[in-house]
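In what follows, a structure is listed as structure tokens, so that the remarks can point back to it.
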Amino acid sequence: MIAAKQQVWGLLLLTLGAFAWRGFIYLALGSTVPAWFFVGVLCCLLIAWLVGQRLWRFMLYVWAFFLMLYGLLRGAIVVLAQAGTIGSAHVVDATSIWFVVTSLAYFGAGIALRSSLRRSLLPKKQSSIS
Amino acid sequence: MSCLKICGALLLVLALSTALEAQVADQDLLVQLQAEQTAFITMFSGADRSLDAGTVHARSTEAERRHSAEVLLQALVARGLDAAYHRYQYKNTNPAIDFLLRPMRGRNVVVNVPATTVDAKRYIVVGAHYDSVAESPGADDNASGVAAVMSIAAAINALEKRRFHFVFVWFDQEEDGGSGSKAFAEMMVADGRQIHSMHNIDMIGWDSDNDGAVDMEIPTEELLGHYEAAAEDLGIAISPTRFNSSDHLSFRDLGIDSVCLSEQFSAGDWTPHYHQSTDTVESVNFEYVAKSTLLMMRALTALSSDQKAL
């Protein structure tokens, strides 16, 4: 079984990687918003890591909460697009089954990150032999 | 004296017969254009073309637009034009959406008609969008413009002499922020191509009062001269206006002189079927489409041979 700490790092790198990829794609198309967002998140995490354990953990919780919110927001777009509230054909096309799956993945990653963080905080069990 | 009178009368008869001949030729061309365009618009906006038989033939979703682009490309090739796709990806209309959705993507259909003179450097872009909104067959908006640009491309391609390179483009996703034309205009500018002007057609199928009048945005005196001369020959009244939507905006925003031709919005004579499922072939005035096509065709032909325009 993977240790909680390794899970936290794995989920963090995976989700940051996804946002880095989005930033790169849009930077190539001349839109800087996703890239600036990624750089901003990276800076916040780096500062928190350098400052100390408490801030680092807090930032990880914020990131987990953000991922859940991001997944939910994407889910809401799917519902609105399928209900015909959004008129754009592009939005309807973009909210495909793959979009639903990735939205669920973002939401799931947020929950998993949060639970891994909590588990990594629990005190280790005392050995019965000692 | 009587000899002079006879000569004068002969000259008058000659001038009249030449004018009559030109008018007959115009009529023949109009009839031919009308027949071709009726067939194309009927096919493109519904009747003969089907993704699913019995459904509305919109050109809105990615699958519908891809199918439409294929149909369009085949129609152009059948007319002897060398057509190709310009595939693109483009940022969303609002930067905040980039944060949530994938980029916009589509395909413009392009026909390049090179100049016949070796020293030609400048380009004239002629375009119309081929997509429609959801649930609308888009016969007027904008199968009418698509058909018109097809006819103009065939006519310009047949010219013996062209002082400009012509690029004919059928744009994707005009109804979704004009990303097709934006991607194309930016690509041309990035390639360093010198664009003389852009000529756009959007909705030329509705003329309820049968006056043949059109709305036009014409940005320069030079272009205005060519269009006014053509309009006078054809007996078309032009209402000067300024459109702040459609594909010419993508070029105008880059500082390129851009023309837009459409039905008479300024006089309230525009389709009541706009963006509706009722924008079908039955609502299209084909004579009006043909005459408006001839207007741009004439103006571009004159521009193409105008030495001063270079």
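Of the residues B:Ser245, B:Ser262, only one is of a type in the set (Ser, Thr, Tyr), modelled with pLDDT under 95 and more than 22 Å from B:Ala120 (Cα to Cα); which? After ruling out the rest, the residue left standing is B:Ser245. The set of residues in segment B:194-211 being over 15 Å from the mean Cα position of the chain (by Cα), modelled with pLDDT of 95 or more and at positive phi is empty.
Restricting B:Ala139, B:Ala58, B:Ala120, B:Ala69 to those that are within 24 Å of B:Ile256 (Cα to Cα), in contact (Cβ under 8 Å) with a residue 12 or more places away in the chain and among the small types (Gly, Ala, Ser) reduces the list to B:Ala120. The residues listed here are B:Phe166, B:Phe171, B:Phe184; of these, the one that is of a type in the set (Phe, Trp, Tyr) and either without any contact (Cβ under 8 Å) to a residue 12 or more places away in the chain or surrounded by fewer than 24 Cβ atoms within 10 Å (Cβ to Cβ) (or both) is B:Phe166.
Annotation for segment B:119-130: no member residue is within 13 Å of B:Glu174 (Cα to Cα), of a type outside the set (Gly, Ala, Ser) and either modelled with pLDDT under 95 or in a helix (DSSP H, G or I) (or both). When every residue of segment B:24-46 is checked against the conditions, at least one turns out to be part of a helix (DSSP H, G or I), at pLDDT below 75 and exposed (fewer than 14 other Cβ atoms within 10 Å of the Cβ). When restricted to residues that are under 23 Å from B:Asp306 (Cβ atoms) and not small (Gly, Ala, Ser), segment B:227-252 contains 11.
Residue-wise test of (1) within 28 Å of B:Glu64 (Cα to Cα); (2) aliphatic (A, V, I, L, M).
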{"site": "B:Phe168", "(1), (2)": "yes, no"}
{"site": "B:Phe171", "(1), (2)": "yes, no"}
{"site": "B:Lys182", "(1), (2)": "yes, no"}
{"site": "B:Ala190", "(1), (2)": "no, yes"}
{"site": "B:His196", "(1), (2)": "no, no"}
{"site": "B:Asp202", "(1), (2)": "yes, no"}
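Just one of the numbered conditions (1) over 16 Å from the mean Cα position of the chain (by Cα); (2) within 14 Å of chain A (Cβ to nearest Cβ); (3) of a type in the set (Gly, Ala, Ser) is not true of B:Ser132: (1).
For every residue, the table says whether it meets (1) touching a helix residue (DSSP H, G or I) at 6+ places or on another chain (Cβ under 8 Å); (2) at pLDDT below 95.
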| position | (1), (2) |
| --- | --- |
| A:Ala4 | yes, yes |
| A:Val39 | yes, no |
| A:Arg57 | yes, yes |
| A:His90 | yes, yes |
| A:Ser96 | no, yes |
| A:Leu104 | yes, no |
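Here is the figure for segment B:60-94: residues that are under 20 Å from B:Met187 (Cβ atoms) and of a type in the set (S, T, N, Q) total 3. Condition test on A:Leu104, is it within 26 Å of B:Gly180 (Cα to Cα) and not basic (Lys, Arg)? Against the criterion (within 26 Å of B:Gly180 (Cα to Cα) and not basic (Lys, Arg)), A:Leu104 does not qualify.
Could we say that B:Val189 is surrounded by fewer than 23 Cβ atoms within 10 Å (Cβ to Cβ), touching a Leu at 6+ places or on another chain (Cβ under 8 Å), within 14 Å of chain A (Cβ to nearest Cβ) and among the β-branched types (Val, Ile, Thr) here? Yes. Taking segment B:134-156 as the range and being within 16 Å of B:Ala58 (Cα to Cα), out of contact with any Gly (no Cβ under 7 Å at 6 or more places or on another chain), of a type in the set (A, V, I, L, M, F, W, C) and buried (at least 24 other Cβ atoms within 10 Å of the Cβ) as the test, the residues that pass are B:Ala143, B:Val146.
The listed residues are B:Ser305, B:Ser292, and the only one of them that is at negative phi and surrounded by fewer than 21 Cβ atoms within 10 Å (Cβ to Cβ) turns out to be B:Ser305. For segment B:109-128, the criterion of being within 13 Å of another protein chain (Cβ to nearest Cβ) and in contact with a helix residue (DSSP H, G or I) (Cβ under 8 Å, 6 or more places away or on another chain) is met by none of the residues. Could you check, for segment B:89-100, whether at least one of its residues is within 23 Å of the chain's Cα centre (by Cα), modelled with pLDDT of 95 or more and assigned to a strand (DSSP E or B)? Within segment B:89-100 (the criterion being within 23 Å of the chain's Cα centre (by Cα), modelled with pLDDT of 95 or more and assigned to a strand (DSSP E or B)), the answer is no, since none of the residues qualifies. The residues on offer are A:Ala35, A:Ala64, A:Ala18, and the sole one that is closer than 24 Å to A:Arg118 by Cβ and in contact with a Lys or Arg (Cβ under 9 Å, 6 or more places away or on another chain) is A:Ala64. For B:Glu222, state whether it is under 19 Å from B:His129 (Cα atoms) and surrounded by fewer than 19 Cβ atoms within 10 Å (Cβ to Cβ). It is false that B:Glu222 is under 19 Å from B:His129 (Cα atoms) and surrounded by fewer than 19 Cβ atoms within 10 Å (Cβ to Cβ).
The values are calculated or read from the model by the stated rules, or taken from the named source; none is laboratory data. Bear in mind the structure is a predicted one, so any value in this text is a computation, not a measurement. Cβ: placed from backbone, ideal geometry, glycine included. Neighbour counts: every protein chain shown.
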